[in-house]
Amino acid sequence: MLKKLWVRSYMPTKLEDYVFQNEHNRVQFTKFVKDKSFPHLLLKGHKGSGKTTMALILKNELGILDGDFKFLNSADDNSINVVRNVIKPFSESMPLGEFKVVLLDEAEFLSTEAQKALCGMLERYSDTVRFILTCNRPHKIIPELKSRCTEFSFNEFDKKSMATHVYKILKSEGVTVSSVELLMGYVNESYPDMRKILQNLETNVIDGVLEPANGSDEKSQLLLDIVDQLSAGKWLEVRAGIVQNIEEHEWDEIYRFLYDNLDQIEGFDNTDNWKCGIIILADHIRFHYQVADPEINFSACMIRLSGVIK
């Protein structure tokens, strides 16, 4: 029999074993378990932050029967036909227990038509069905669907808590860790993706000893190349590279990197252009928290910056 991967072996199934990102989430989900009920939920945040795990914990803690539980990965099943032919028939039948649960993982991949169809279902079947939506890109969920759910953010993992959690796993596996710095290197490299941290740790345990990770971090290399490319006038190429590789939680890091290194980019090494560039960055990081699509906002930022030095 194949050995179970750490990400599966150490996936918490009870609320007491879950690593919470903030106290608000701890209080609210504890209340859901105590009340044996919860509203329709939208769990949003970066990948590997525990959204799907929390949904499955709710199923376990509330004793939802397997026959009353429907799990769909919306990245694979995202059309309106899935809503009509799978979710609707499941929701129409009476539950075996107290109520049914529909878990739509990666719900941002649902088509607009599918999301609109879901809106009516969330209201029509609310007496017998609860919907849980998880997503990495909440701006792709239509407002009508958002308004019918209670939203929770899964974006605030604390590095110290993560390190403590993975250290316990390493000790359970009998792994020797030579230094705190080595362990924190793994945490810093993959933060805030808990799943990726565990995968990297398991890969680099050799004969019961945690070894330094091999290979370079693609995103770190991407950042190192940005200044040279921008100095060469390759603004569109840099924009495309960042958009292709960025994760939802990393936009702040990109804006901060541009701020820290703006004076190293050819054309911004004089005071007037640097000042203008800083104002542009400040505008767009402020817009980032207001706009529906961060990618468009960042693209506009790059266009404005490139225009300063023309």
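The values are calculated or read from the model by the stated rules, or taken from the named source; none is laboratory data. The shown structure was predicted, so the numbers you read here are calculated from the model rather than taken from an experiment. Positions of Cβ are generated from backbone atoms using ideal geometry, with glycine treated the same way; all protein chains shown enter the neighbour counts. SASA here: full protein model, heavy atoms, side chains in, ligands and nucleic acids out. Shrake-Rupley method; radii C 1.70, N 1.55, O 1.52, S 1.80 Å.
One table, with the values for the structure above:
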| read-out | value |
| --- | --- |
| Residue in the range 215-224 that is modelled with the highest pLDDT, counting only those that are more than 29 Å from Pro12 (Cβ to Cβ) and surrounded by 14 or more Cβ atoms within 10 Å (Cβ to Cβ) | Leu223 |
| Residue count, the range 40-68 (criterion: under 22 Å from Ile197 (Cβ atoms), among the basic types (Lys, Arg) and surrounded by fewer than 22 Cβ atoms within 10 Å (Cβ to Cβ)) | 1 |
| Qualifying residue in the range 90-101 (condition: under 23 Å from Gly50 (Cβ atoms) and either open to solvent by 60 Å² or more (accessible area, probe 1.4 Å) or under 23 Å from the mean Cα position of the chain (by Cα) (or both)) | yes |
| Residues that are loosely packed, with under 15 Cβ neighbours inside 10 Å and either among the hydrophobic types (A, V, I, L, M, F, W, C) or outside any helix (DSSP H, G or I) (or both), drawn from the range 264-290 | Glu266, Asp269, Asn270, Ile279, Ala282, Tyr289, Gln290 |
| Failed item in (1) farther than 21 Å from Pro138 by Cα; (2) open to solvent by 60 Å² or more (accessible area, probe 1.4 Å), with Phe71 passing the rest | (1) |
| Boolean, Thr112 is under 29 Å from Trp251 (Cα atoms), exposed (fewer than 13 other Cβ atoms within 10 Å of the Cβ), out of contact with any Lys or Arg (no Cβ under 8 Å at 6 or more places or on another chain) and not aliphatic (A, V, I, L, M) | yes |
| The range 270-310, subset more than 21 Å from Lys140 (Cβ to Cβ) and acidic (Asp, Glu), residue nearest to the chain's Cα centre (by Cα) | Asp283 |
